[in-house]
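**Q** Take a look at this one; I'll ask things after.
The values are calculated or read from the model by the stated rules, or taken from the named source; none is laboratory data. Everything numeric in this text was worked out from a predicted model, so none of it was measured. Ideal geometry is used to build each Cβ from the backbone, glycine not excepted, and the neighbour counts take in all protein chains shown.
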Amino acid sequence: MDTKPAKKDLSRENREWRHPGGKLLALGADKLTDSELLAILIGAGIPNKSAEKIAEEILNKYGSFRGLADQPFENLYKIKGLKKVKVIRIAGAFEIARRIVQEVLKDYEHRRK
């Protein structure tokens with residue numbers, strides 16, 4: 001999937017983003033922080049706690065995506081603002097990443113032979 005921004009003029013959108021998805025579209029996925037990427041998966045926040053704040057709390061608590069990936073669902077449900085659907089989205093994204101890594105490693109091993 002190409003994560004580069006569309007070629008149309010997005011200068012107006014570059015000034016302020018209401019959600020990291022707008023920043024992703026304007027600048028590309030590689031320009032987002034880990035918490036911004038996680039906020040996209042979370043989607044919406046809750047009253048008085050944005051998706052970005054929830055994402056920051058998660059990453060501060062677990063240290064990194066790797067630390068988050070090692071957590072059982074029960075631990076994630078303890079974070080205010082995370083319910084079943086949001087945890088499922090996060091778990092699905094981590095599974096996709098795991099499968100990509102497996103494919104890359106398999107290709108690497110195949111080329112070494």
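**Q** Collect the residues in the range 32-50 that are within 11 Å of the chain's Cα centre (by Cα) and either closer than 14 Å to GLY22 by Cα or among the hydrophobic types (A, V, I, L, M, F, W, C) (or both), keeping them in residue-number order.
**A** The answer is LEU32, THR33, GLU36, LEU37, LEU38, ALA39, ILE40, LEU41, ILE42, GLY43.
**Q** A follow-up question, please. For residues in the range 11-25 being surrounded by 15 or more Cβ atoms within 10 Å (Cβ to Cβ) and part of a loop (DSSP other than H, G, I, E, B), which is modelled with the lowest pLDDT?
**A** TRP17
**Q** Taking the range 58-72 only, how many residues are in contact with a helix residue (DSSP H, G or I) (Cβ under 7 Å, 6 or more places away or on another chain) and either farther than 17 Å from ARG98 by Cα or of a type in the set (Asp, Glu) (or both)?
**A** Qualifying residue count for the region: 3.
**Q** Still on this model: Provide a single number: the residues in the range 61-111 that are of a type in the set (Asp, Glu) and touching a Leu at 6+ places or on another chain (Cβ under 6 Å).
**A** Final tally of qualifying residues: 0.
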